[in-house]
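One structure is given below, encoded as structure tokens.
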Amino acid sequence: MDENGRSIVTFTMVSHAIVHTYELSVPILVVIWLTEFSLTTATIGTIVAVGYALFGMGALPSGILVDRYSTKSMVLIGLGGMGASFLLLSVAQGTATIALALGLWGVFASVHHPAALSLISTGVSESGTGFAYHGMAGNLGIAFGPFITASLLIAFDWRIVTALLVVPAVLAIGYAFTAEFDEMAAVSTDGGREAGSDDTDGAPGPDPDPLSSFLADSKSLFTVGFSLALVIVLMNGLFYRGALTFLPEMLGDFLPSVTDSIQLFDPGSRIARKFDLGSYLYAGLLTVGIAGQYVGGKLTDRIPVSAGLAAAFAALAVVSILFVPVAGMGLAPLIAISALFGFALFTIQPLYQATIAEYSPPDDRGLSYGYTYLANFGVGATGAAIAGYLLGVVSIGRTFLLLALAPTLGALLAVVLYAVVGEE
């Protein structure tokens, strides 16, 4: 990878880690909010789903802007807005402010994926490897966000913790001002600007008629292959959000008490009262996802991505079906199945990102990833509400079985994409 590619990958990795630090700290906070505000899982699931939905819904307008303006400026706005949103969350005294803060976070967080993934696909020659490193950085945020949040909650009130989480955004903004790169180094556009030109740092300029351009680009984008890939992404989003939102709470049902069987702390100590072992196991399985991201990213450069998607979705469906029965066998089986779950869940991400790139033109890549994350995080956010409802009416085992329908359908659609559509 050349210097320009390394600069782009580093820049997007920092931003990606920050996005998911915030995103996956929310399920840790959900455990507290359920008790402090006497909420049902259905109610808090719906509140969280609104913020996560805006995370996805904002991806489409963000994707449109990405194809017209500088990526760096958009990422800076996104980082600043996310930090401000968590600052608002730190003064929340009720569910209305929590919903508002999470909603604002979703709007600003929606900038990252269309911008960063478009940037990697057009500015990095080894895009599969770029996707892998980008995904691994996201998993660092996904894993260490919950870990740091759970650790801080031992010593501080949750409002103080959310205020402290503003610091990573401030540091990331400081780094972003130092990053320089050519956004179109790996491609040349139809408009005649060659890769490596310095016109607005390689970023496309504003369109005089953005609405007609958006409609025309969308019409040409939705081929059979892209449409199928988008539905596959939606299946990932439904399962991802449904499984992860309440996973710390669910894991706690399978774990022994830290003051009884494990005896880590004195039963009457503050740490024993605040320590949530389920949150740490949750952070651990997300950490394993880093390896899944790396493997999935490397596979995109070696095998047909649709075939890889089919295999990865099938593996995730199997692990999901086995999760609760194996978790009930004891601590060691629970740790093992959690590790497999984290690996399988995150292997999919670079594969679907590369699939979207394969079925979309380079000059509409921002728009294509806008639609992708509208499906994945926008419509997919309903998975949180669905999981919250299911946990209120059926057992954890049946909840996982029903959620496993999403990756099962994703695997079947990926087979169709590989066997029928092929490469476009």
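Filter the helices (runs of 4 or more DSSP H) completely within the stretch 114-181 down to those with at least 3 residues that are under 17 Å from the mean Cα position of the chain (by Cα), of a type in the set (Lys, Arg) and closer than 24 Å to residue 91 by Cα. Talk me through it step by step, then tell me what you get.
Numbers: elements: 127-155, 158-164, 166-176.
Qualifying helices (runs of 4 or more DSSP H): none found.
In the stretch 5-38, what count of residues is obtained for those that are touching a Pro at 6+ places or on another chain (Cβ under 7 Å) and either farther than 18 Å from residue 102 by Cα or of a type in the set (Gly, Ala, Ser) (or both)? Even if it seems obvious, please write down each step before you answer.
Start the filter on the stretch 5-38 by keeping residues that are touching a Pro at 6+ places or on another chain (Cβ under 7 Å), which leaves 18, 21, 24-25, 27-28, 31.
Then drop every residue that is not either farther than 18 Å from residue 102 by Cα or of a type in the set (Gly, Ala, Ser) (or both), which leaves 25.
Total satisfying the criteria: 1.
With 315, 339, 307 as the choices, which residue is part of a helix (DSSP H, G or I), modelled with pLDDT of 85 or more, crowded, with 16+ Cβ neighbours inside 10 Å and in contact with a Pro (Cβ under 9 Å, 6 or more places away or on another chain)?
On the way: 339 fails: in contact with a Pro (Cβ under 9 Å, 6 or more places away or on another chain); 307 fails: in contact with a Pro (Cβ under 9 Å, 6 or more places away or on another chain).
315 is the lone residue from the list that is part of a helix (DSSP H, G or I), modelled with pLDDT of 85 or more, crowded, with 16+ Cβ neighbours inside 10 Å and in contact with a Pro (Cβ under 9 Å, 6 or more places away or on another chain).
Test residue 360 against the stated conditions and say whether it is at pLDDT below 90, in contact with a Ser or Thr (Cβ under 8 Å, 6 or more places away or on another chain) and not in a helix (DSSP H, G or I). Explain how you work it out, then say what you get.
On the way: at pLDDT below 90: yes; in contact with a Ser or Thr (Cβ under 8 Å, 6 or more places away or on another chain): yes; not in a helix (DSSP H, G or I): yes.
Against the criterion (at pLDDT below 90, in contact with a Ser or Thr (Cβ under 8 Å, 6 or more places away or on another chain) and not in a helix (DSSP H, G or I)), residue 360 qualifies.
Does any residue in the stretch 303-326 that is under 16 Å from residue 406 (Cβ atoms) come within less than 7 Å, Cβ to Cβ, of a residue that is outside any helix (DSSP H, G or I) six or more places away or on a different chain, and which pairs are these?
317/404; 320/404; 321/404
I need the full set of residues from the stretch 37-79 which are under 28 Å from residue 151 (Cβ atoms) and without any contact (Cβ under 8 Å) to a residue 24 or more places away in the chain, in order please.
38
Please state which of the following conditions residue 34 fails to meet, knowing it meets all the rest: (1) over 29 Å from residue 184 (Cβ atoms); (2) touching a Lys or Arg at 6+ places or on another chain (Cβ under 8 Å).
(2)
Among the helices (runs of 4 or more DSSP H) confined wholly to the stretch 1-104, which include 2 or more residues that are surrounded by fewer than 20 Cβ atoms within 10 Å (Cβ to Cβ)? Break it down stepwise before answering.
Details: elements: 3-36, 41-57, 59-66, 71-89.
In the stretch 1-104, the matching helices (runs of 4 or more DSSP H) lie at 3-36, 41-57, 71-89.
Does residue 381 satisfy being more than 30 Å from residue 213 (Cβ to Cβ), in contact with a Leu (Cβ under 9 Å, 6 or more places away or on another chain) and part of a helix (DSSP H, G or I)? Steps first, answer last, please.
Values: more than 30 Å from residue 213 (Cβ to Cβ): no; in contact with a Leu (Cβ under 9 Å, 6 or more places away or on another chain): yes; part of a helix (DSSP H, G or I): yes.
No.
In this structure, is residue 195 of a type in the set (A, V, I, L, M, F, W, C), surrounded by 15 or more Cβ atoms within 10 Å (Cβ to Cβ) and either more than 30 Å from residue 21 (Cβ to Cβ) or modelled with pLDDT under 75 (or both)?
On the way: of a type in the set (A, V, I, L, M, F, W, C): yes; surrounded by 15 or more Cβ atoms within 10 Å (Cβ to Cβ): yes; either more than 30 Å from residue 21 (Cβ to Cβ) or modelled with pLDDT under 75 (or both): yes.
So residue 195 passes the test.
The values are calculated or read from the model by the stated rules, or taken from the named source; none is laboratory data. Quantities reported herein were computed from a predicted structural model and do not represent experimental measurements. Methodologically, a virtual Cβ is constructed for each residue, glycine included, from the backbone with ideal geometry; neighbour enumeration extends over all protein chains shown.
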